[in-house]
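Inspection log for the structure reproduced underneath, given as structure tokens.
The values are calculated or read from the model by the stated rules, or taken from the named source; none is laboratory data. Please read these numbers as outputs of a predicted model, since none were measured by experiment. As a convention, Cβ positions derive from the backbone with ideal geometry for all residues, glycine included, and neighbour counts pool all protein chains shown. Note: accessible area is taken over every heavy atom of the protein model, side chains too, but ligands, DNA and RNA are not part of it. Shrake-Rupley method; radii C 1.70, N 1.55, O 1.52, S 1.80 Å.
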Amino acid sequence: MSTFVSNPDEAKEYTGRYKLFYIVIALTFTVFTMRLWYLQIISGNELREFSEKNRIKQNKITAPRGLMLDRDGKVLVENLPGFEAILTPQYIENLDLLAKTVGPVLGLEPDKLMQKVQKGRRQNGPFAQIRLKENLSREEVFRLKRIRLDTPGLEIRESIVRYYPLRENGAQLFGYVSEISKRQIPLLNDLYKGTLFFEQGDIIGKSGLEENLEKDIRGTDGISFIQVDAHGREAVTQTPNIYGEQIKDQTPVHGNNAVLTIDRDIQEAAFKSFLALNRIGAVVAMKTNGEVLAWVSTPSFDPNEFATGISPTTWSKLINDPFKPLRNKVIQDHNAPGSTFKPFVALAALNEKVITPNTIVNAPGVFYFGRRPYHDHQKGGQGNITVYEALERSSNVFFYKMGIALGVDKMYDYIHLLGIGQKTGIELAREVSGTMPNSAWKKATVGEEWQPGENLSTAIGQGFVNVTPISMAIAYNAIGTEGKVVKPFIVRKIIDQDGKVLRENFPQVVRDLQQTQPNGVHVSVETFKTVKEGMRRVANGDRGTAKHWKIPGVQMAGKTGTAQVMGFSADQIYSSCEGRPIHMRHHGWFVAFAPADNPEITVAALAEHACHGSTGAAPIVRDIIQAYFQKYHPEVIEAALKAKNTKAAVKPAEPVVTQEGE
């Protein structure tokens, strides 16, 4: 049995060390207690929120875009419900297996699906969602739901599909929507800074009114919250209330609706006429106050294919089509106006007293300027004629002589004021101005002096002159209204979902040519009336180049035109246009307003490679104006038909239309 003997001196030696140990223990406990108090009391809510966010996923609810309605409230562009397949890269466990599983269901090649996912992850990171396919069919939705639980990161989400009921009709005007590109995100966020915010995956307007009205018709997206497991799969069916009663799903706000000046009935009549004649080109119809009624550009495309994800094959076909279906020919393509330019020259010649309404001018089949021959479209010429007959028959030689007498600068002084060579300012992107030359323009652009012989080609709408269909409509409308140059517009008003008007556009007269302009020009009423009478004879005279396209009870006033797309030798001028390859055939124009004395509607039609304005474009203009009067003034046409039937029990056969003039 041993006895433990305590040594007081040794215990005294360790007493200080024990105190230090106790102090360290106490301090450590205090630090842990303070840290625990800080995490639980001070930062508890914040940390709880971070924790909850690891199991809560936010889904964007896309807001419906506003509708586009015609002037009568008929739908032109709307939305339809649909489904889309979405992939979140952060939850993908095996991309190769996913591609082989999901690709066949969506009709996508596994390799291309993998490339799409890898590209999206590379450009936008692993957390940005990737839209695999839009507008899923019922079968695709059913098959995806069967594999969804075994495919981490895959979602089937309700979506909104933009729908264009008119399909190819007016596609360039209404435009189309598709997913925003990475390049566009910073550009649009800067453009709409403070009003709109764009991010990857957004659907935006890419052209036409869809693009220009983005700020008006784009809604405000909402947000939904769902609980997910570690694989990103939805773990509960109801939205968890994770942050407290004040946090709820954010409901999307519908975009505003756009009420257009377009008349769907007139729009359909215009497109139907183009299809019936199998024409390439463009037509624009507007009321004389500038309200656009119809807008057609052909060939066209179906914007629904863009809204649901256009295939590479279809896209390649569109961009490689030689007749450019994606271009808005009404405002983007400019061509020589040909003889539709002659009323402008007549206006200048009459107002400058170069001629009077009764001045007789000899117009042979060939006119020599120096040693160079300039031909009329009729081999035998027109003989001795006044400005009335010159317009009615479309005499080239008459207007060659007017071009010489006026000179290009004087022609410019008048014709530029009509809007030729200028943008109209219509609310659409990428409008081109066309060209109305003068001597200063040629010197600045080409670096050469204006040559006297160029006055002749200019006077018949060839040479350097280039116009768009809409600029021709504005210029002819100015003649019809005897001087009022208007600004065309398509958007009548923007309204919210309750019908409240948020903004509204009204007719605008840019200038009145009866008033003295800054360059000193003003056009008399008598001058306008003389030109209008000549144009009336084009459609109603015995030798008018558009005489075959009369409308019962309504007199049109207009001008046909044939614009060469390339030069021809003297022995080829009178050869058959229809026998040439299509790219060598002339363009045909017809621009008109009605009624001739007090017009309500103006229509400009360009039929590319149709050879003649009288057969290529005039029937389209006739169909549109007739549709307008059948809708808004049916009594006029009914009375005319009744009177005609009274005179003859049997309707005469439709005349055989042959080339007569232009």
Next item on the list: Determine which single condition residue 566 fails, assuming it passes every other condition in (1) within 32 Å of the chain's Cα centre (by Cα); (2) open to solvent by 70 Å² or more (accessible area, probe 1.4 Å); (3) within 26 Å of residue 354 (Cβ to Cβ).
Entry: (3)
Next item on the list: Could you check residue 617 against (1) open to solvent by 50 Å² or more (accessible area, probe 1.4 Å); (2) modelled with pLDDT of 95 or more; (3) closer than 23 Å to residue 275 by Cβ; (4) of a type outside the set (Asp, Glu) and say which number it fails?
Entry: (1)
Next item on the list: Could you tell me which of the residues 604, 627, 596, 592 is in a loop (DSSP other than H, G, I, E, B) and in contact with a helix residue (DSSP H, G or I) (Cβ under 6 Å, 6 or more places away or on another chain)?
Entry: 596
Check: open to solvent by less than 40 Å² (accessible area, probe 1.4 Å) and either part of a loop (DSSP other than H, G, I, E, B) or closer than 30 Å to residue 210 by Cα (or both) - does that describe any residue in the range 497-511?
Finding: no
Margin query: So in the range 98-115, with the set limited to residues that are under 32 Å from the mean Cα position of the chain (by Cα) and buried (at least 17 other Cβ atoms within 10 Å of the Cβ), which one is nearest to residue 153 (Cα to Cα)?
Written below: 113
Notebook entry, point to check: Residues in the range 450-490 that are of a type in the set (Ser, Thr, Tyr) and over 15 Å from residue 348 (Cα atoms): how many?
Noted result: 4
Notebook entry, point to check: Of all residues in the range 640-662 being in a helix (DSSP H, G or I) and open to solvent by 60 Å² or more (accessible area, probe 1.4 Å), which is modelled with the lowest pLDDT?
Noted result: 647
Margin query: Can you confirm whether residue 19 is open to solvent by 40 Å² or more (accessible area, probe 1.4 Å), basic (Lys, Arg), farther than 25 Å from residue 130 by Cα and at pLDDT 70 or above?
Written below: yes
Notebook entry, point to check: Does residue 471 satisfy the criteria of being in contact with a Lys or Arg (Cβ under 9 Å, 6 or more places away or on another chain), of a type outside the set (Val, Ile, Thr) and in a helix (DSSP H, G or I)?
Noted result: yes
Margin query: Quick test for you: out of 532, 493, pick the one residue that is open to solvent by less than 50 Å² (accessible area, probe 1.4 Å) and in contact (Cβ under 8 Å) with a residue 40 or more places away in the chain.
Written below: 532
Next item on the list: Could you tell me whether residue 164 is under 24 Å from residue 325 (Cα atoms) and open to solvent by 20 Å² or more (accessible area, probe 1.4 Å)?
Entry: no
Check: Among the candidates 439, 457, 433, which residue alone is under 30 Å from residue 259 (Cβ atoms) and not charged (D, E, K, R)?
Finding: 433
Notebook entry, point to check: Taking the range 36-83 on its own, how many of its residues are of a type in the set (D, E, K, R), open to solvent by less than 70 Å² (accessible area, probe 1.4 Å) and modelled with pLDDT under 90?
Noted result: 3
Check: Which condition does residue 173 not pass, out of (1) open to solvent by 40 Å² or more (accessible area, probe 1.4 Å); (2) out of contact with any Lys or Arg (no Cβ under 7 Å at 6 or more places or on another chain), if it passes all the others?
Finding: (1)
Check: Which of the helices (runs of 4 or more DSSP H) contained wholly in the range 83-192 include at least 3 residues that are touching a helix residue (DSSP H, G or I) at 6+ places or on another chain (Cβ under 7 Å) and not basic (Lys, Arg)?
Finding: 95-106, 110-124, 138-148, 171-174
